[in-house]
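Structure record follows, encoded as structure tokens.
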Amino acid sequence: MRRPFRWPRLLTPDGGGIAYGGDYNPDQWPEEVWDEDIELMRRAHVTTVALAIFSWARIEPAEGVWDFGWLDRIIGKLGDAGIAVDLSTATATAPLWLYEAHPEVLPRDRYGHVINPGSRQSWSPASPVFKDYALAMCRRLAERYGDHPAVTAWHVGNEYGWNNRHDYSDDAQAAFRTWCRARYGTVEALNDAWGTSFWSQHVASFDEVLLPRHMGGDSMVNPAQQLDFERFGNDMLLDFYRAERDAIEAICPGKPLTTNFMVSTDQCSMDYARWSDEVDFVSNDHYFHEGATHLDELACSDALMDGFSQGRPWYVMEHSPSAVQWKSLNVRKRAGELVRDSLAHVAFGADGVNFFQWRQSRSGAEAFHSAMVPHAGADSRVFREVCELGQLLTALSDAGIQGTELERADTAILFSAESEWATWSETLPTTKLAHFHDVRDWYRAFLDAGRRADVVPLRDDWSGYRTVVLPTVLVLDDADVRRLVRFAESGGTVVVGYATGLVDGCFRVGLGGYPGVGEGQLRDLLGVRSEECNIVSGEEPADGGTLDDPGTDDPGVVRLSDGSTSRLWQQVVTSLAPDAQVLARYEGPEAASWELDGTPAVIVHPYGDGRGVYVGCDLDVDDLARLIRRLPAADAGGDASLIHTRRVAPDGTVAFDFYLNRTAGPVALPAVGGERIVTHRCDVAPDGTATLRRNGLVVVRTAASAA
Ligand code: GLA
Ligand code: GLA
């Protein structure tokens, strides 16, 4: 059951508009600074802040001693200035007195080491003691601020799982046994699911079920047990979130609640499709990837956020105004990039654009993380861009953007949290598999082909699309396969990647030839059967050979008859259905060296009114783009140097078209009608033709019927 969509009201005259602001940590500053903060927020058109995320020690300095005075004062000041508060439960990190009194709440790592206090989330989600304290805090805050007119939303926890995603404490051990009992009912069912006849892993009772703690050396964890441990950790944190949410809601039922996800293509460790059912509106913390993939990666992550929110608007809870401070190289944003990234999020359906954080810290671990008001103060490039962004968001709000919804693409790339977890297993033919990275590569390939795909959770309903793509969806159960078969029968195109459908939800390998899940139905749909996979290194030959003459080393790549290159995994297809059509085979000296010369690599197979497409190897992004253009259901595609999205009002009256420069150079804007609401880094020549500079974009409003 999904909770109904509820969106926070702002303190604007009609309660609407884009929520713009950031994490605000006034407790890091003397109160004299607060008035300047609010004056600058108004200058920047800030409409909302997220407050008190790490303030537990300030609110409850000693057990049972409460200090709400400072919080009363700052919420009052913000409300008076028309700035809405997204109030946190302050439970992401606990005060030291709590850890001293109750060291048993600390999580443990897989080696049994205690996770010490002093950072964030040094608590076990399975600890009943910690939960009691956290829920008491939630109730206190809800009682005190539930009716406050400036508090318009609740920010439950913060980035659940950032530091306690995998907890190996004794409380977690006990909870895992309870969880397994609930999942399997009988210990026989668990033994069957985990395949415990292997390595004497037979479990005689649920009291013998173990966490996958460190077992010494390179010894490998049972992958089914590991996959369940991932599910369990997700469920523990989700239970914790629900308990906090329900504690607040019992006292303050009238205000929308959210918790911020951590979705980017390098970081997505929860089953957020399930979390999305449990919030009133979904929100995300997205941190950019420097380099050429910056905008594409952002777009792919956002497409998945749109998938999680099922087309309704969503909220950027955090992104960085410029550099972060937690990588080895922390690249700043260039001129216009702050505005471009923020409006790119809006282009993909965000109605909230918020940063970490408002004022750059003077002390502590995040002093060198960028902020809306940098160390240099308001007289700074970053703050000027923050103000410029505020103006542009106001213009979009005035033009009626809020509540419009991202128009669907005709292709869905399917995302599966379980497959992401499964690809982390060290027991696979290679440890280099990464489901979300393959989703990202396909996503980028669609952009390169001048098209846009959506990213949709596997568990959701994607039957309305024309094409679905399954990149390294390692785990498919029988019901998933049946859905794919029905989709193809009724005219859909099912594109299946090389490492898709190898195991079921218990990490049991589908037999009879790969991809074997679904009792052979996936093979039938694709018209292929393969017996082995060939793994290569992706590296150039070390002994001076070249790609054309691999020398004596095993070649690190395999090439295909259409000029494509595979660098990791080639499925060795040994039989084809008679009506299957081969689009590309392995070919050339590398293929010959691996005894793959002539083996089918990319295959199209008619099925029902639709078809299956099997891509039996990994391919470079530009190879995938060429393949996408050749797919039977492909349309002509547009300009690959732009990202174009459209947001449409649910009643169809108005649409907003976003055109973003996807390249590092200038790009001509196509002639588009309508009213330009935003032009950012866009040059218009005397003849009216427009060019987008690097990081440039345009937003155009049209009546949808005319669009
Ligand atoms: C060792 C073990 C076997 C098996 C192989 C796999 O030789 O004795 O049980 O695990 O490694 O390579
Ligand atoms: C996370 C946290 C924030 C802050 C940022 C820094 O998203 O939620 O409190 O630490 O990272 O990038």
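The values are calculated or read from the model by the stated rules, or taken from the named source; none is laboratory data. Remember, it's a predicted structure, so these values are computed and weren't measured experimentally. FYI the Cβ positions are ideal-geometry reconstructions off the backbone, even for glycines, and counts take in every protein chain you see. What goes into the accessible areas is simple: the full protein's heavy atoms, side chains included, and nothing from ligands, DNA or RNA. Shrake-Rupley method; radii C 1.70, N 1.55, O 1.52, S 1.80 Å.
Overview of values
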read-out	value
Search result, residues across segment 262-295 that are touching a strand residue (DSSP E or B) at 6+ places or on another chain (Cβ under 6 Å), within 25 Å of F229 (Cβ to Cβ) and part of a loop (DSSP other than H, G, I, E, B)	M262, V263, V279
Restricting segment 223-261 to residues that are in a loop (DSSP other than H, G, I, E, B) and crowded, with 21+ Cβ neighbours inside 10 Å, the residue that is nearest to ligand 2 (Cβ to nearest atom)	T259
Any hit, segment 613-628, residues being open to solvent by 40 Å² or more (accessible area, probe 1.4 Å), under 18 Å from T467 (Cα atoms) and part of a loop (DSSP other than H, G, I, E, B)	no
R482 being surrounded by fewer than 17 Cβ atoms within 10 Å (Cβ to Cβ) and under 27 Å from the mean Cα position of the chain (by Cα)	yes
Condition met for Q325 (open to solvent by 10 Å² or more (accessible area, probe 1.4 Å), within 16 Å of ligand 2 (Cβ to nearest atom) and either in contact with a strand residue (DSSP E or B) (Cβ under 6 Å, 6 or more places away or on another chain) or within 25 Å of I83 (Cβ to Cβ) (or both))	no
Sole exception among (1) assigned to a helix (DSSP H, G or I); (2) at pLDDT below 95 for D549, by number	(1)
Flag if Q201 is open to solvent by 30 Å² or more (accessible area, probe 1.4 Å) and more than 27 Å from I248 (Cβ to Cβ)	yes
Residues located in segment 328-341, provided they are part of a loop (DSSP other than H, G, I, E, B) and either within 16 Å of ligand 2 (Cβ to nearest atom) or surrounded by fewer than 15 Cβ atoms within 10 Å (Cβ to Cβ) (or both)	S328, L329, N330, V331, R332, K333, R334, A335
Listing of strands (runs of 3 or more DSSP E) fully contained in segment 636-707 that carry 1 or more residues being hydroxyl-bearing (S, T, Y), without any contact (Cβ under 8 Å) to a residue 40 or more places away in the chain and over 23 Å from G400 (Cβ atoms)	690-703
Subset tally (residues that are open to solvent by less than 40 Å² (accessible area, probe 1.4 Å), over 24 Å from S397 (Cα atoms) and out of contact with any strand residue (DSSP E or B) (no Cβ under 8 Å at 6 or more places or on another chain)) for segment 649-687	0
Per-region count, segment 67-109, residues touching a residue at least 60 places away in the same chain (Cβ under 8 Å), away from ligand 2 (no atom under 16 Å from the Cβ) and among the hydroxyl-bearing types (S, T, Y)	0
Number of positions in segment 426-466 that are within 18 Å of the chain's Cα centre (by Cα), basic (K, R) and either under 17 Å from V496 (Cβ atoms) or open to solvent by less than 30 Å² (accessible area, probe 1.4 Å) (or both)	0
Unique residue being modelled with pLDDT of 95 or more and away from ligand 2 (no atom under 16 Å from the Cβ) when the list is F281, F288	F281
Subset tally (residues that are open to solvent by 60 Å² or more (accessible area, probe 1.4 Å) and away from ligand 2 (no atom under 16 Å from the Cβ)) for segment 33-66	10
Every residue from segment 308-322 that is in contact with an Asp or Glu (Cβ under 6 Å, 6 or more places away or on another chain) and more than 9 Å from ligand 2 (Cβ to nearest atom)	G311, P313
Qualifying residue in segment 384-401 (condition: within 22 Å of L484 (Cβ to Cβ) and modelled with pLDDT of 95 or more)	no
Pairs with Cβ under 6 Å, 6+ apart, first in segment 250-265 and touching a residue at least 24 places away in the same chain (Cβ under 8 Å), second open to solvent by 10 Å² or more (accessible area, probe 1.4 Å) and more than 16 Å from ligand 2 (Cβ to nearest atom)	I251/E143; P256/R6; P256/P8; L257/R245; T265/R440
L596 open to solvent by less than 20 Å² (accessible area, probe 1.4 Å) and not in a strand (DSSP E or B)	yes
Residue within segment 364-386 that is part of a helix (DSSP H, G or I) and within 16 Å of ligand 2 (Cβ to nearest atom) present	yes
Among (1) closer than 22 Å to T663 by Cα; (2) within 15 Å of ligand 2 (Cβ to nearest atom); (3) more than 13 Å from the chain's Cα centre (by Cα); (4) not charged (D, E, K, R) - the single one A344 does not satisfy	(2)
Test: F507 is open to solvent by 20 Å² or more (accessible area, probe 1.4 Å), hydrophobic (A, V, I, L, M, F, W, C) and touching a Ser or Thr at 6+ places or on another chain (Cβ under 9 Å)	yes
Restricting segment 110-169 to residues that are within 16 Å of ligand 2 (Cβ to nearest atom) and polar (S, T, N, Q), the residue that is surrounded by the fewest Cβ atoms within 10 Å (Cβ to Cβ)	S119
Candidates F368, F348, F356, filtered to the one that is in contact with a strand residue (DSSP E or B) (Cβ under 7 Å, 6 or more places away or on another chain) and more than 23 Å from I643 (Cβ to Cβ)	F356
Criterion: more than 28 Å from the chain's Cα centre (by Cα) and either open to solvent by 30 Å² or more (accessible area, probe 1.4 Å) or not aromatic (F, W, Y) (or both) - qualifying residue of A417, A412, A399	A399
